[in-house]
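Below: the structure, in structure tokens.
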Amino acid sequence: MLFAFSVAPSSSDDSGGVSEAVADALRVVRDSGLPYELTSMFTTIEGEWDEVMPVIKAACDAVAAHGPRVSLVLKADLRPGHTGQLTAKVDRVRAHLDARPDVDQEAHPSLDAAEVPR
């Protein structure tokens with residue numbers, strides 16, 4: 001199962017950023033040992049309910065040290081019995097793109113083939 005989440009404090013640093021709080025949350029995720037991926041907007045963790053939810057709660061607790069209120073956005077792909085989906089889902093989409101590169105060029109005529117997002 002995949003769980004994508006974004007957690008942030010209600011207040012930011014002097015520059016308006018929340019990266020320090022996010023880094024504290026990510027330390028919790030990293031230390032959990034579960035497979036994860038960090039992107040600019042979300043962190044995705046792979047595991048079972050009972051493995052992942054305590055990690056997300058602990059990440060929220062880490063962010064709470066940065067302000068009196070925490071915002072959490074959570075999205076889940078609940079597909080029991082499937083593992084390795086953190087990369088497998090992306091690989092399947094890329095395989096479709098690679099199978100029909102002409103479709104990409106038609107959809108993005110201003111891009112040359114080397115610039116088509118992968």
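Please treat every number below as a calculation from the coordinates, not as lab data. These numbers were taken from a predicted model, which means no experiment stands behind them. When we count neighbours, we look across all protein chains shown, and the Cβ atoms used for this are built from the backbone with ideal geometry, even at glycine.
Subtracting the Cα-Cα distance from 0.36 nm times the residue separation, let me have the gained length for Leu34 to Asp61 in nm, one decimal.
Values: separation 27, 0.36 × 27 = 9.72 nm, distance 1.81 nm.
Gain on extension, Leu34 to Asp61, equals 7.9 nm.
Taking Rh as the Kirkwood radius, which is the inverse of the mean 1/r over Cα pairs, what is the Rg/Rh value for the range 53-101? Numbers along the way, then the final one.
On the way: Rg = 17.0 Å, Rh = 14.0 Å.
Taking Rg over the Kirkwood Rh, I get 1.21.
Describe numerically, in nm with one decimal, the distance between label points set 7 Å from Cα along Cα→Cβ at Val73 and at Met41.
According to this spin-label approximation, the distance is 0.6 nm.
Provide the three semi-axes, in whole Å and in decreasing order, of the ellipsoid equivalent to the range 1-41 as defined by the square roots of 5 times the Cα gyration tensor eigenvalues.
Details: eigenvalues 94, 24, 12 Å².
Each semi-axis is √(5λ); the values are 22, 11, 8 Å.
Between Leu86 and Glu20, what's the calculated FRET efficiency when r is the beta-carbon distance and R0 is 30 Å? Round to 0.05.
Details: r = 26 Å, r/R0 = 0.85.
The pair Leu86/Glu20 has a calculated efficiency of 0.75.
Can you list, largest first and rounded to whole Å, the semi-axes you get for the range 1-82 by taking the square root of 5 times each eigenvalue of its Cα gyration tensor?
On the way: eigenvalues 109, 26, 23 Å².
Over the Cα atoms of the range 1-82, the semi-axes work out to 23, 11, 11 Å.
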